[in-house]
1. Would you mind computing, in nm to one decimal, how far apart the modelled labels at residue 191 and residue 221 are, each placed 7 Å from Cα along Cα→Cβ?
2. When a footprinting reagent is the concern and you count Cβ atoms within 10 Å, what order do 57, 115 take, fewest first?
3. Would you give the gap between the C-alpha center of region 48-91 and the C-alpha center of region 141-176, rounded to a whole Å?
4. Calculate, in nm to one decimal, what residue 213 and residue 83 gain on full extension: separation in residues at 0.36 nm each, minus their alpha carbon distance.
5. How much length is gained if the chain between residue 162 and residue 49 is pulled fully straight, taking 0.36 nm per residue apart and subtracting their Cα-Cα distance, in nm to one decimal?
6. What spacing in nm lies between the two simple spin-label points modelled at residue 118 and residue 228, each 7 Å away from Cα in the Cβ direction?
7. With the cut-off at 1.5 for a/c, could you classify region 152-224 from its C-alpha gyration tensor as rounded, prolate or oblate?
């Protein structure tokens, strides 16, 4: 009986020990889980802070990039503007050189041939049937208005300072004597030249009314030398 009571007591002691061990284990697990959760929360907070920091850096870099792009665009615009101004200046200079006869010019154009009348009635004044400086000047002025890039008379380049005058039966161009027939050459839009010269009541009609023979030829390619080439 005594041994039986002793066995029961031992069983109760082991049971209590087991119960306490179980509770201790559960508490340990709970504490570990709590610690893991706290550590995980700390890790999440750190990652979140890092992510926010990286996003802020990205925003700053984006702002810097936009600023650099804006500055680069300003530089490109300035370069383009300078290039345009330079090209425009070169174009105007080239146009001025052509107008002043400083360079040779090549392109399509026309030749306008003016000839003295072949038949002069005996009772008429011969001066009324020959080409005078005003006839040549009429053609030159019309060609200029029509956009001629270069003009020559009998192969001699006409520039802004050129003069034409009659000297007896011949014509003097910038001090050089020229004889009929007179071939006026112009470079530019040959269709425009032809239309402007043939306008009703225009240059062609006036010349014909003054007994001047006129012939217009359209050419695809003409070369007019500079004033320096043809005045050597």
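Quick note: the coordinates plus some simple rules give every number you see, no bench work behind them. Not measured: the values here are computed from a predicted model. Cβ atoms come from the backbone with ideal geometry, glycine included; neighbour counts cover every protein chain shown.
1. Reported label-point gap for residue 191 and residue 221 is 2.1 nm.
2. If I rank by nearby Cβ atoms, fewest first, I get 57, 115.
3. 56 Å
4. Details: separation 130, 0.36 × 130 = 46.80 nm, distance 4.99 nm.
So the extension gain works out to 41.8 nm.
5. Stretched out fully, the residue 162 to residue 49 stretch lengthens by 32.2 nm.
6. Taking the simple label geometry, residue 118 and residue 228 are separated by 4.4 nm.
7. oblate
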